[in-house]
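Since the structure comes first, as structure tokens, the remarks are kept for the end.
The values are calculated or read from the model by the stated rules, or taken from the named source; none is laboratory data. Only a predicted model underlies this, so the values are computations on that prediction, with no experimental measurement involved. Cβ atoms come from the backbone with ideal geometry, glycine included; neighbour counts cover every protein chain shown. The accessibility values were calculated without ligands, DNA or RNA, using every heavy atom of the protein model including side chains. Shrake-Rupley method; radii C 1.70, N 1.55, O 1.52, S 1.80 Å.
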Amino acid sequence: MVNIFETIISTFLENRIGISNEFLNADLAFQLKSNLIELYEKEALKQAGIGNKTLLTLDKDIRRDKIHWLDKKHQNKHESAFFELIDDFVSYLNKTCYSGIKSYEFHYTLYEKGAFYKKHFDQFKTDDSRAFSMVIYLNKGWQEGNGGELKIYTETGFEMVSPDNQKCVFFKSNELEHEVLVTNETRMSITGWLKTSI
Ligand code: OGA
Ligand code: NI
């Protein structure tokens, strides 16, 4: 576990983009993806908006993904395992980097074929509590021609992140602008933010 966390932190410190190719083990990735597909099939996913949870605007020109918030109250075994992993990561991050993370929020995310999310920052103008963004992908056997890359803009250009199963990408929410390119296949993930307020 510590090795995975160290990989994320060291790549983040080197490059401002932290990456672990196996943040989730294959079983947990499969179980969470099954949860997400079940939610999709019973039409429990909602069109994502822009703005925070309380101030939400829908804008389908900006983003076309569908989401559902994870919640400890669901008492879903696999969501609980996911939260345990995040708790361990947050403790490690706070201990080794003094990052002062106090809470987090995560949602399941599904991009249908043709969906995208235009260039944006993850921090809201009215709320700076999101310190770090984390996206964890649930797409087994993702192929290059499938599109749906995460394009992260850097000082010198950009980096492309392919949404491969079990992979986690980690960056500062107010620092790096990014977008999700049009996907040609269903694209699934868990997206979240580590926050400096409760
Ligand atoms: C987001 C986002 C990136 C991705 O949800 O804010 O930028 O790769 N997601 O899904
Ligand atoms: Ni984003």
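A few notes on this one:
- Unique match (being loosely packed, with under 12 Cβ neighbours inside 10 Å and touching an Asp or Glu at 6+ places or on another chain (Cβ under 9 Å)) among 66, 72, 77: 72
- The one condition in (1) surrounded by 20 or more Cβ atoms within 10 Å (Cβ to Cβ); (2) away from ligand 1 (no atom under 14 Å from the Cβ); (3) within 27 Å of residue 40 (Cα to Cα) that residue 89 fails to fulfil: (3)
- Counted residues, the stretch 107-129 - those being open to solvent by less than 50 Å² (accessible area, probe 1.4 Å) and β-branched (Val, Ile, Thr): 1
- Every condition in (1) open to solvent by 20 Å² or more (accessible area, probe 1.4 Å); (2) within 11 Å of ligand 1 (Cβ to nearest atom) is met by residue 168 except one, and the failing one is (1).
- Just one residue in the set 104, 98 is open to solvent by 40 Å² or more (accessible area, probe 1.4 Å), without any contact (Cβ under 8 Å) to a residue 40 or more places away in the chain, closer than 20 Å to residue 8 by Cα and of a type outside the set (Gly, Ala, Ser); that residue is 98.
- If you go through the stretch 171-198 and keep only what is within 14 Å of ligand 2 (Cβ to nearest atom), farther than 15 Å from residue 116 by Cα, part of a strand (DSSP E or B) and open to solvent by 10 Å² or more (accessible area, probe 1.4 Å), you end up with 172, 193.
- Residue tally, condition of a type outside the set (Ser, Thr, Tyr), without any contact (Cβ under 8 Å) to a residue 24 or more places away in the chain and part of a loop (DSSP other than H, G, I, E, B), over the stretch 144-161: 1
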